[in-house]
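Enquirer: Encoded as structure tokens, here's the structure I'll be asking about.
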Amino acid sequence: MTQKNTRILIVDDSEDMRILLQQILEEEEIYIMQFAEDGQQVLQKATEFQPDLILLDMSLPGMSGWEIVPQLRAMPTLALIPVIAVTAHVSKVDQERALALGCNAHLGKPFDIEVLIDTITQVLENASHEA
């Protein structure tokens, strides 16, 4: 079961997608959310907010999610934060690449709301067992 006040950093350059994810997660009433819309903001916001989870679009202006994940994994204060790739890159190769880079899960767009919630719950549970 996911803890109340779980902090999630939502990263997507599409305002519509950020709003959609916010609305979905607000229904759960247990998440505190922050938002980033480009690659440069991710590292700063993650450092300041110390999220329990990052939902990361892989296609971002400036620095892509593909570039961000290795940087997160290289920073001691951010290395263990679970990352779910939420992306339109849905091929098997893209999924394997995201996981190989250090994402904890891969979720293709468009996604099913129940699958999104289940994936978040599972990744957070796995992270709490590893901590």
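All of the numbers you see were taken from the coordinates with simple rules; none came from a lab. Small disclaimer: the values here were computed from a predicted structure and weren't measured.
Enquirer: Return the sequence-ordered ³J(HN,Hα) values of region 35-40 in whole Hz as given by the Karplus equation 6.51 cos²θ - 1.76 cosθ + 1.60 applied to θ = phi - 60°, using x for Gly and Pro.
Expert: These are the phi-based 3J(HN,Hα) values: 9, 9, 10, 8, x, 5 Hz.
Enquirer: Another question, then. Pull up the cross-link candidates among the aspartates and glutamates for K45, meaning alpha carbon to alpha carbon under 18 Å and not fewer than 8 places away within one chain.
Expert: D12, D13, E15, E37, D57, E67
Enquirer: Please compute the Cα-Cα pair-distance distribution of the chain with 10 Å bins starting at 0, giving whole percents from short to long.
Expert: Over the chain, the share of Cα pairs per 10 Å bin runs 13, 51, 34, 2 percent.
Enquirer: Would you please give the residues with an amide H less than 5 Å from that of A105, counting only those at least 5 places away or on a separate chain, with H modeled from the backbone geometry?
Expert: Placed amide hydrogens put V83, A85 under 5 Å from A105.
Enquirer: Then there's this: Excluding same-chain residues fewer than 8 positions from K92, which lysines have a Cα within less than 23 Å of its Cα?
Expert: Filter leaves K109.
Enquirer: Hey, what do the phi angles of region 6-12 turn into as Karplus ³J(HN,Hα) couplings, whole Hz, using 6.51/-1.76/1.60 and θ = phi - 60°, x for Gly and Pro?
Expert: 5, 8, 10, 9, 9, 10, 7
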